[in-house]
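Novice: Sharing a structure with you now.
The values are calculated or read from the model by the stated rules, or taken from the named source; none is laboratory data. Just so it is clear, the structure is predicted and the values come from calculations on it, not from any experiment. FYI the Cβ positions are ideal-geometry reconstructions off the backbone, even for glycines, and counts take in every protein chain you see.
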Number of protein chains: 2
Amino acid sequence: MERHFDEALKDLNTDILRMGAFAEEAIYKSIEALKKCDNSIAKSVVNNDKKIDELELAIDEKCIDLIARYQPMAKDLRFITTGMKLNTELERIADIAVDIAQRALEVIDKPILKPLIDLPKLAAVAQMMVKTAIDSFIKGDVDMAKKVLLSDPEADRLRDLIQKELVEDYMAKDASTSPRAIQLLLIARFLERVCDHATNIAEDVIYMVQAEVVKHHPERLRQ
Amino acid sequence: MERHFDEALKDLNTDILRMGAFAEEAIYKSIEALKKCDNSIAKSVVNNDKKIDELELAIDEKCIDLIARYQPMAKDLRFITTGMKLNTELERIADIAVDIAQRALEVIDKPILKPLIDLPKLAAVAQMMVKTAIDSFIKGDVDMAKKVLLSDPEADRLRDLIQKELVEDYMAKDASTSPRAIQLLLIARFLERVCDHATNIAEDVIYMVQAEVVKHHPERLRQ
């Protein structure tokens, strides 16, 4: 039984890594579609979402089965319930990729408003945060999770910078730019929401690791 | 033990209802602040968020303890894990109320752009959806949960209507309206996200009820 449970936990790890890879890929492609003005990439993000939704349900079901079958205690139980939360966050990240792809489809066929500089930077921060957050869960690494939290202000800063530029330098000066500028502004906000989801994951990981420490090793609280 | 477990489940119900009431109140107040141009209401939403975050952690901890202590099977386990999901959704709704309150603080001291008509309508839809979603969980009522799903297109419609009006009738015509219009546009999008969270809750409830039906009474699948 012990061996089966360990194997089932390893399976869960693999599934979550897969879910994470799908979510990361969806974000990457949605921004590629925008950068390259490529309709087909944007559409592939939209079409791929069903597969990700199905994987989310399958992982959720696996977690419930794991708990019901093995009745894991403390640390393992917390790993599984945190896995369920990650699973939801990753599915939401993939949903946001669809939102970005749909906004991209709106701007791709219109004249280019401005060269994209900060938006790809924000996308890179978002992808790094998602990747690091998933790794921190798999490794139960609090320091790695804290690195994610430390990146969030940079994401906020980039979003505010992009928003300020679009509103003040475009929309408030030339009303005809508004319909296009609004799409870029929304994409920046979507990317920042991806960073928020990565932050949620990192907080869950820190909570998962420290709740056990606090409960079972209160003397380590000083660390 | 059985009696204790039932009491613990009732406690969990009460906690989630409380969390739901806080989330609903936060949304209501954030829109009141905007409608009445009242800074103090907006600030109270921001300041109240810490209390809601603490309740979220407490509920989460209770759920883990319930699973670890009573090792509930099938139906009860699924009720608790769905409760954990609801808890997260409700905390996110409260976070969005803070976002709305912060946007409201940006527009309150500026000249009024337009009378608010559709935004309060969208807020009413959002509040109704959240309330109905929580009720559907407490009662395990799939029909009620489906009512929530049926309201989501109306929320999308109102958001699109608000966005279209703000962009086409204000921002694209008079660039000086952009900085104010953008805040109202973001508030409409925040409200629609509240509806998305209510939809997530409703889907979780349907899944919670039907997963048991599918697993244990496949003959009822036709219903």
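Novice: Given the residues A:Ala104, A:Ala74, which is the only one that is at pLDDT 95 or above and among the small types (Gly, Ala, Ser)?
Specialist: Exactly one residue qualifies, and that residue is A:Ala104.
Novice: Determine, yes or no, whether A:Ile96 is among the β-branched types (Val, Ile, Thr) and either in contact (Cβ under 8 Å) with a residue 60 or more places away in the chain or outside any helix (DSSP H, G or I) (or both).
Specialist: On the way: among the β-branched types (Val, Ile, Thr): yes; either in contact (Cβ under 8 Å) with a residue 60 or more places away in the chain or outside any helix (DSSP H, G or I) (or both): yes.
For A:Ile96, the condition - among the β-branched types (Val, Ile, Thr) and either in contact (Cβ under 8 Å) with a residue 60 or more places away in the chain or outside any helix (DSSP H, G or I) (or both) - is met.
Novice: State yes or no: is A:Val107 more than 14 Å from the chain's Cα centre (by Cα) and among the hydrophobic types (A, V, I, L, M, F, W, C)?
Specialist: The answer is yes for A:Val107.
Novice: State the number of residues belonging to segment A:103-139 that are assigned to a helix (DSSP H, G or I) and within 28 Å of A:Asn200 (Cα to Cα).
Specialist: Summing the residues that are assigned to a helix (DSSP H, G or I) and within 28 Å of A:Asn200 (Cα to Cα) in segment A:103-139 gives 24.
Novice: crowded, with 20+ Cβ neighbours inside 10 Å, at negative phi and small (Gly, Ala, Ser), is that true of B:Ala8?
Specialist: Here the answer is no, as B:Ala8 does not meet what is asked.
Novice: From the set of residues in segment B:40-86 that are within 8 Å of chain A (Cβ to nearest Cβ) and of a type in the set (Lys, Arg), which is farthest from the chain's Cα centre (by Cα)?
Specialist: It comes out as B:Arg78.
Novice: Would you call B:Phe22 surrounded by fewer than 18 Cβ atoms within 10 Å (Cβ to Cβ), away from chain A (no Cβ under 13 Å) and either without any contact (Cβ under 8 Å) to a residue 12 or more places away in the chain or of a type outside the set (Lys, Arg) (or both)?
Specialist: No, not satisfied.
Novice: Take the conditions surrounded by 17 or more Cβ atoms within 10 Å (Cβ to Cβ) and either farther than 25 Å from A:Lys164 by Cα or of a type in the set (Asp, Glu) (or both) and apply them to B:Ile31. Does it pass?
Specialist: No; evaluated as a whole, the condition is false for this residue.
Novice: Are any residues in segment B:119-142 of a type in the set (D, E, K, R) and surrounded by 17 or more Cβ atoms within 10 Å (Cβ to Cβ), and if so, which ones?
Specialist: The answer is B:Asp135, and nothing else.
Novice: Among the residues of segment A:88-102 satisfying the criterion of being in contact with a helix residue (DSSP H, G or I) (Cβ under 6 Å, 6 or more places away or on another chain) and surrounded by fewer than 21 Cβ atoms within 10 Å (Cβ to Cβ), which is farthest from the other protein chains (Cβ to nearest Cβ)?
Specialist: Only one residue tops the list, namely A:Val98.
Novice: Moving to a separate point now. Would you be able to say whether some residue in segment A:158-175 is buried (at least 22 other Cβ atoms within 10 Å of the Cβ), closer than 23 Å to A:Cys37 by Cβ and away from chain B (no Cβ under 14 Å)?
Specialist: Taking every residue of segment A:158-175 in turn, at least one turns out to be buried (at least 22 other Cβ atoms within 10 Å of the Cβ), closer than 23 Å to A:Cys37 by Cβ and away from chain B (no Cβ under 14 Å).
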